[in-house]
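The next block holds one structure in the form of structure tokens; read it before the comments.
The values are calculated or read from the model by the stated rules, or taken from the named source; none is laboratory data. Note that the structure is a prediction, hence the values are computed from the model and not measured. Don't worry about glycine lacking a Cβ; one is built from the backbone with ideal geometry, like all the others, and counts go over all protein chains shown. Side chains are part of the model used for accessible areas, which takes the heavy atoms of the whole protein and leaves out ligands, DNA and RNA. Shrake-Rupley method; radii C 1.70, N 1.55, O 1.52, S 1.80 Å.
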Amino acid sequence: PGLLFALTGLVKQVTKDVLGDGSGQYGNYYAVVWAAHTFSGILAFLCAGVMSCFYTPAQGYPTFKKMVLRPSRSTLMNSLGLSVMCNACSWFWFLSIPMTDEVVNTVIYQSCCVWCFLISVVILKEKITVIKVVSTLATFAGVGMISSWPCVTTGADGKPNPPADSEYVLLGEMLCLLSAVTYALYEVLLKYVGCGHSDSNESAMQSAISSLVFVGYLGAWNFFVLWLPLVPLHYSGFSPFQLPEASLVTPLLIDCALEGSYVVWIVVAIALSNPLFVTIGTVLTIPASACMDWVLHGISCQILSLVGTGMVVLGFIGVNVAMLVEGKKGWPSWL
């Protein structure tokens with residue numbers, strides 16, 4: 001979780017700096033998503049190959065070479081579907097960035113922890129307990145408070161700048177929420193179809209390698225097929241394709257490398273634990289983004305917004321505590 005938190009913070013800050021408001025910086029968001037996820041596929045295959053050099057699979061498990069060169073039909077179809085889903089959730093989030101304040105955007109996006117829990121109950125049969133339910137309600141309430149009393153930018157005269165157009169902000173929040181829900185579904189399905197977790201005899205290393213190969217195929221589908229949306233986006237005028245200015249090439253490459261690395265490491269973490277635990281590990285981006293906005297962008301937060309942030313953090317901590325005590329001897333199963 002610490003590594004994922006650091007990567008999340010870097011990804012969010014570099015992405016925000018590179019994309020800007022969509023006018024002064026690089027505005028072709030889908031091109032950035034495509035490049036980042038193509039890099040994630042290359043990195044995933046590379047990491048899996050390196051790990052396989054130090055690990056011999058147990059009898060009955062495929063080698064790295066076989067997984068790469070002879071994938072099953074289900075692996076190919078599942079990786080195609082999840083590749084589309086991964087691109088969609090990232091693109092929705094990128095679109096929402098210039099429409100929302102950083103703290104509001106971060107908190108709404110981090111509500112994917114809540115959606116992850118709800119979807120996990122249905123697909124992964126996650127156990128429902130009182131602590132998890134209360135934590136979920138607290139998180140929803142906190143997100144609602146932050147959205148209702150958002151942080152505001154302070155102008156040069158020391159007074160808050162006028163808020164953005166309400167329809168513009170609402171659209172950004174809806175896109176961010178859609179991204180969060182899609183991402184939660186992506187994480188759960190990644191655990192369900194891509195991480196080979198159902199076999200209790202499978203070692204952690206084998207699970208990590210097979211998961212990395214799966215992500216490698218996500219990147220392969222992305223490279224060979226998912227560039228196609230660039231064509232209608234360009235000719236419709238919604239997002240015309242353009243080469244970045246020379247000054248943006250390095251930041252764009254850094255952003256793609258960070259985003260791609262995040263995709264790779266998140267699947268390893270999910271393979272070794274579960275989607276809910278991994279999502280909770282990124283919760284610290286909420287107070288980090290608030291501090292960053294306050295220091296760098298002159299954005300001040302209202303008291304109720306801070307209270308809402310605290311409720312979100314406490315909600316996530318509650319879910320984490322519930323996971324830690326679940327199954328402990330002497331601990332009530334309903335609690």
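Net length available on complete extension from S300 to L314 is 2.9 nm, with 0.36 nm assigned per residue and the Cα-Cα distance removed. Other residues within the sphere of radius under 15 Å centred on the Cβ of V215, judged by their own Cβ, net out at -1 (K and R +1, D and E -1).
Please label the shape of region 174-258 as rounded, prolate or oblate, based on the square roots a ≥ b ≥ c of the eigenvalues of the alpha-carbon gyration tensor (a/c under 1.5 means rounded; beyond that, a/b larger than b/c means prolate, else oblate). Verdict is prolate for region 174-258.
Of K329, K132, the order by accessible heavy-atom surface (1.4 Å probe, DNA, RNA and ligands excluded), from most exposed downward, is K329, K132.
Across the cross-link table entries K127/K191; K132/K328; K125/K329, which are compared at the Cα atoms, the separations over 18 Å belong to K125/K329.
The local environment of A48, defined by Cβ-Cβ distances under 14 Å, has a net charge of +2 under the rule Lys, Arg +1 and Asp, Glu -1. Taking a quarter of the surface of the Cα convex hull of region 69-108 gives a mean projected area of 3.8 nm².
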